[in-house]
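Enquirer: Input: one structure, supplied below.
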Amino acid sequence: MASAKVLVLLAILALFQVSRAAARRPGALASSSRHGGTPAVMTVNGFQRGESGGGPAACDGHFHSDGELIVALSTGWFAGGHRCHRAIRITSGRTGRSVEARVVDECDSRRGCRGNIVDSSPAVWRALGLDTNAGEVPVTWSDA
């Protein structure tokens, strides 16, 4: 009886350690490729000077070509810059295609960007087989 209690206690401690380790990873709860990704709305953004993205990218202070596979994430997902320059995998709910893109900017949820936005360059839309004239499309995303 006592050995069974010790085994249960060890199992609980092991699960606790695993959950603590996962919680320390930036974005661990926001996105998981094992579960198909986080549902989001993808919008189109121009990252070049004078386009819809506004100023330079938050991650590096530069403007970027619309031919690059790049995104801006809503404030919560941007995680205070922890996802800067990291790759995410985006999957289109319409075409089923996936692409990896690099996070270069924040879509500021405090200034009107909804909290579920993956704001993507035209190159991301093309890679997913989507027309930018659609404006918004359902996607899922995960850390790559």
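The values are calculated or read from the model by the stated rules, or taken from the named source; none is laboratory data. The model shown is predicted, which means the values in this text are computed figures rather than measured ones. Here the Cβ is made from the backbone with ideal geometry for all residues, glycine too, and neighbour counts use every protein chain on show. Areas reflect the complete protein model, heavy atoms only, side chains present, ligands, DNA and RNA absent. Shrake-Rupley method; radii C 1.70, N 1.55, O 1.52, S 1.80 Å.
Enquirer: Counting only heavy atoms of protein chains, what accessible area per residue, in Å², does the stretch 38-143 have with a probe of 1.4 Å?
Expert: 46 Å²
Enquirer: Let me ask something else about it. Once amide H atoms are placed 1.01 Å from N in the peptide plane, what residues at a sequence separation of 5 or more from Ile70, or on another chain, have their amide H within under 5 Å of its amide H?
Expert: Arg102, Ser121, Val124
Enquirer: Tell me, what is the percent relative contact order of the stretch 38-143, built from C-alpha pairs under 8 Å that lie six or more residues apart?
Expert: Computed over the stretch 38-143, the figure is 40 percent.
Enquirer: May I ask you to evaluate 6.51 cos²θ - 1.76 cosθ + 1.60, the Karplus curve with θ = phi - 60°, for each residue of the stretch 58-68 and list the ³J(HN,Hα) values in order in whole Hz, giving x for glycine and proline?
Expert: The phi angles translate into 5, 6, 9, x, 10, 8, 10, 6, 5, x, 7 Hz.
Enquirer: Next question. Can you run phi through the Karplus equation (6.51, -1.76, 1.60; θ = phi - 60°) for the stretch 85-97 and list ³J(HN,Hα) in whole Hz, with x for Gly and Pro?
Expert: 6, 8, 8, 10, 9, 10, 10, 6, x, 8, 9, x, 6
Enquirer: To continue, here is another question. How large is ³J(HN,Hα), in whole Hz, for each residue of the stretch 109-116 in order, when computed from phi with the Karplus curve 6.51 cos²θ - 1.76 cosθ + 1.60 and θ = phi - 60°, using x for Gly and Pro?
Expert: So the J values, rounded to whole Hz, are 5, 7, 10, x, 6, 4, x, 10.
Enquirer: Turning to a different aspect of this structure: Leaving out ligands, DNA and RNA, what percent of the accessible area of the stretch 49-107 is carbon and sulfur, probe 1.4 Å?
Expert: Values: 1320 of 2810 Å².
Carbon with sulfur: 47 percent of the solvent-accessible area.
Enquirer: Take Arg114, project a point 7 Å from its Cα along the Cβ direction, then tell me which residues of the stretch 36-65 have their backbone nitrogen under 17 Å from it.
Expert: 38-45
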